1. Quick check: Cα centre of segment 516-580 to Cα centre of segment 219-297, how many Å?
2. Once the Cβ-Cβ distance between Ile560 and Asn353 is put in as r, and R0 is 30 Å, what FRET efficiency do you end up with, to the nearest 0.05?
3. How compact is segment 54-160 by the rule of thumb for globular proteins, expressed as Cα Rg over 2.2 N^0.38 Å?
4. Considering the Cα positions of segment 307-449, please state its Rg to one decimal place and its Dmax as a whole number of Å.
5. How large, in Å, is segment 475-518 by the Kirkwood hydrodynamic radius built from its alpha-carbon pairs?
6. Compute the convex hull volume of the Cα atoms of segment 322-386, divide it by the residue count, and report the result per residue in Å³ as a whole number.
7. How far, in nm, would the chain grow between Ser156 and Ile384 when pulled straight, counting 0.36 nm per residue and subtracting the alpha carbon separation?
8. Tell me, what is the percent relative contact order of segment 335-494, built from C-alpha pairs under 8 Å that lie six or more residues apart?
Amino acid sequence: MGNSSSNAADGNGVGQDNKAASSGKSASSKQKAADNKPIPDPAEIKSKPVHQVICEYNDLEDGQMKEVEVEGQKVLVARDQGAYYALSSKCTHFGASLAKGALCQGRVRCPWHGACFDLATGDIEDFPGLDSLQSFEVEVKDGKVEIHTDTVALSSTKRVKPMITRDLECTLLYLIVGGGPAALECAESLRQAGYKGKILIITQENDPPYDRTKLSKALTSTASDLALRPTEFYNVYDIHIMTGMEAFSVDTDMNHMVFRGREWTDYTVEYDQAAICTGSRPITLDKPGTNTFSKDVFYLRTPTEANEIANKSKGKNVVIVGSSFIGMEVAASVVGKAKSVTVIGRSAIPFANLLGEQIGKIIMELFESKGVKLVMSSEVEELIGNEENLTQIKLTSGETVAADICVVGIGVLPNTEWLKDSGVKLSERGHIIVNKYNKTNIDNIHAAGDCTTFPLFIDGDRLVNIGHYQMALSHGKSAGMNMCFKEEPLKSVPYFWTAVFGKSFRYCGFGNAKEDEIVFHGESSKFVAFFVRDDKCIAVASLTWDPMVSVAAELMRAGIPIPASTIRENPEQLHFLVPK
């Protein structure tokens, strides 16, 4: 295996000068802002101070929030343990009104997707958002609550959490393997924690980190559309990225990793500490005809694949193998554009193992009402076609389904096969085993995201694997902080969502619908379901019943039990468990 610094050009460099991979020199420009736009010239900023009464002290009770208008901008006002706070009013992820979210013990949680912010500082504490809120000075005087800020701060609804930049005199190199959300958040957390050395992200992806969860919902998106950070961000904070490089091996005694580029040349990196964030890959469909008609078989992994699915689906018969969230979201995206859309699922009811049969049937009926055909309790036997194109898929039942293209979503495998002889401990399923600080059994190697098995704090530290976007970001933060010896344990409640046909299903916790009792309130168009084990709620799912899932997530994080007796008769009793 060769060590060639020229291979930096084999991958696309972002935030580097194509010599940075070996020289450690920074080509960063500090003339750009770290978020999404250039730093404005101070001379051009026209700001004015703002001092305005926003409410009476007794207008809110502890634990209450509301939106007020200040100089034409919405501001979130919250009262917690007798103190008032003022922050930007919209979640930095998708813009949900935080006043409709959950407030608990100095944190506010978004009602839509569960991002959390510190009331006092506005700093983001849990994900899926990346940016923090603006925090405004508040003064209580003569029974009135007054805000002190300026018009520029009011108009800037989000900000990057404070981060340092590289000190060229620091010779340390922290290597991050992988290019997903865990890798990005690990890099950001290193800079937030005060790490001044070089950060190098090496990924087999062709693009810098982007939000892959949006691919199945917006098939025509490009990597730049979905980018988690603009190029300027990496330049400002000296985060170097090499793309198109696959992890090949690691020597944990010598502290070096070998990567293989597009032209089968090897590239060796010596590191001081490393974080492995290689994620997972789709399980392939191993059936007769899959290779013959490979041009018509897709695994939704990249924007290029998503674009091909969108283009080839128009007016065609689309078959989706697997009733996973990704598969169902693809079905929702192409129905109405395709000639027909059929989902083939092994289970009798989609999502029954996770959400239970009642909710699974609600989702199933929703899809059928929109024109999606679901063929459940079925498996593929063979892909059939003419000399050039796929034309149908034969099922084990003997039934055939018309198919011009096939989208496969039957699960994932961790990208860890390159670690099997490395000394890094893996689970039976191939996931990297980490402790509550996201550290592996190798002292200077951490791991984060879908490729890991980790102790879940809300479930007695039972080792689990959770492939959620929000959890990957939380892992990245934990790995970054603990690579800087902060000793901050991972304490994030699993929270995920899916949006189909204008309806958003939410879930928090970690239940087992096959074994847990499910306490269901509502109907098909609006419901909340509590998953109960040992007379305690361990997970919550909802549709159009916000902020129920976010309230439950905050209670779980705070270690406040949710007794089954509290929510059996009236689900709204959940709110009374929140400390005031």
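1. 39 Å
2. Here the calculated transfer efficiency is 0.65.
3. Working: Rg = 12.5 Å, N = 107, 2.2 N^0.38 = 13.0 Å.
So the Cα radius of gyration is 0.97 times the expected 2.2 N^0.38 Å.
4. Expressed in Å, the Cα Rg and Dmax of segment 307-449 come to 19.3, 56.
5. Across segment 475-518, the inverse of the average 1/r is 13.4 Å.
6. Details: hull volume 5.4 nm³, N = 65.
Enclosed volume per residue, from the Cα hull, is 84 Å³.
7. Numbers: separation 228, 0.36 × 228 = 82.08 nm, distance 5.59 nm.
Length difference between fully extended and current span is 76.5 nm.
8. 13 percent
The values are calculated or read from the model by the stated rules, or taken from the named source; none is laboratory data. This one's a predicted model, so the numbers in the text were calculated from it and none came from an experiment. Neighbour counts run over all protein chains shown; Cβ positions are idealised from the backbone, glycine included. Surface areas here come from the heavy atoms of the whole protein model, side chains and all, with no ligands, DNA or RNA. Shrake-Rupley method; radii C 1.70, N 1.55, O 1.52, S 1.80 Å.
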